[in-house]
Amino acid sequence: MLELGVNIDHVATLREARKTFEPDPVWAAVEAHLGGADGITVHLREDRRHIQDADVERLRTHTQIKLNLEMAPTEELLEFSINITPEMVMFVPEGRNEITTEGGLDVISHEKHLRQMIQKLLQKGIMVSVFIDADKEQIKAAENMGVQVCEIHTGPYAHVFHSQGRDKSSSEVQRELGKIEDAGEEIQKFGMRFNAGHALNYFNVRHVAEIQGLSELHIGHAIISRSMFV
């Protein structure tokens, strides 16, 4: 059955706008769990713009839901993740000036650096994932490094789906869905788990969810946005 991981970063974004104690992302994780979520995702950024170290620590001690920790491949964050021992670490690219993650991680260019980090995490029993574009060479490189999960960046599909008036029959939409589907087949061929996420919402998620072999979707902004009105 397809699983849902809820990203709660933007609960912390709202809290940090006032530098106060609420809303509490840990309580958001509890509510998501009670609502049926299979996991929680948080992105601990280098600049700590939303999620803080203490949030991740409290998620481990105050919740019983599996935790996916997104992070840039840095030594500081590697040490932190090993101490926290989340169920999964997902390596993502990170730019200080970006509003949100703008593309997949280039695992080929960072192979030597990533390989060492991946092995350290695996030795601690932490599942390792990478957030990558729908590119077969990136998938092959990830498998070669020992990665267990590949999450395909669905941002390009989401952008085209919106620009084409939410018309699934559009050739551009079909092309992007085809890329995700082909990437999923490649991931599964190598025996890795196939996840997807980024910019998915209540309007565009169904067509991705229909792709065969998909294990888990990670969705955050759309869910947090809707929660303000329901």
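With K and R counted +1 and D and E -1, the other residues having a Cβ less than 13 Å from that of residue 217 yield a net charge of -3. Seen from residue 76, the other residues with C-beta closer than 13 Å to its C-beta sum to a net charge of -4, counting Lys and Arg as +1 and Asp and Glu as -1.
Per the Kirkwood formula applied to alpha carbons, region 3-227 shows a radius of gyration over Rh ratio, Rg over Rh, of 0.95.
Each Lys and Arg adds +1 at its Cβ and each Asp and Glu adds -1 at its Cβ; summed about the Cα centre, region 124-181 shows a dipole of about 100 debye. Would you list which lysines come within 21 Å of residue 168, measuring only between C-alpha atoms, while excluding same-chain residues fewer than 8 positions from it? Those lysines meeting the cut-off are 179. Region 25-58 and region 154-171 have their alpha-carbon centroids 29 Å apart. A cut-off of 5 Å between modelled amide H atoms, ignoring neighbours fewer than 5 places along the same chain, links residue 45 with 50, 51. Here the chain is assigned +1 on the Cβ of each Lys and Arg and -1 on the Cβ of each Asp and Glu. Its dipole about the Cα centre then comes out at about 280 debye.
When the chain is described by a simple charge dipole with +1 on each Lys and Arg Cβ and -1 on each Asp and Glu Cβ, the residue from 207, 156, 145 located farthest towards its positive end is 207.
Throughout, read-outs are computed from the coordinates displayed, never taken from laboratory work. Keep in mind the model is a prediction, meaning the values are calculated, not measured. When we count neighbours, we look across all protein chains shown, and the Cβ atoms used for this are built from the backbone with ideal geometry, even at glycine.
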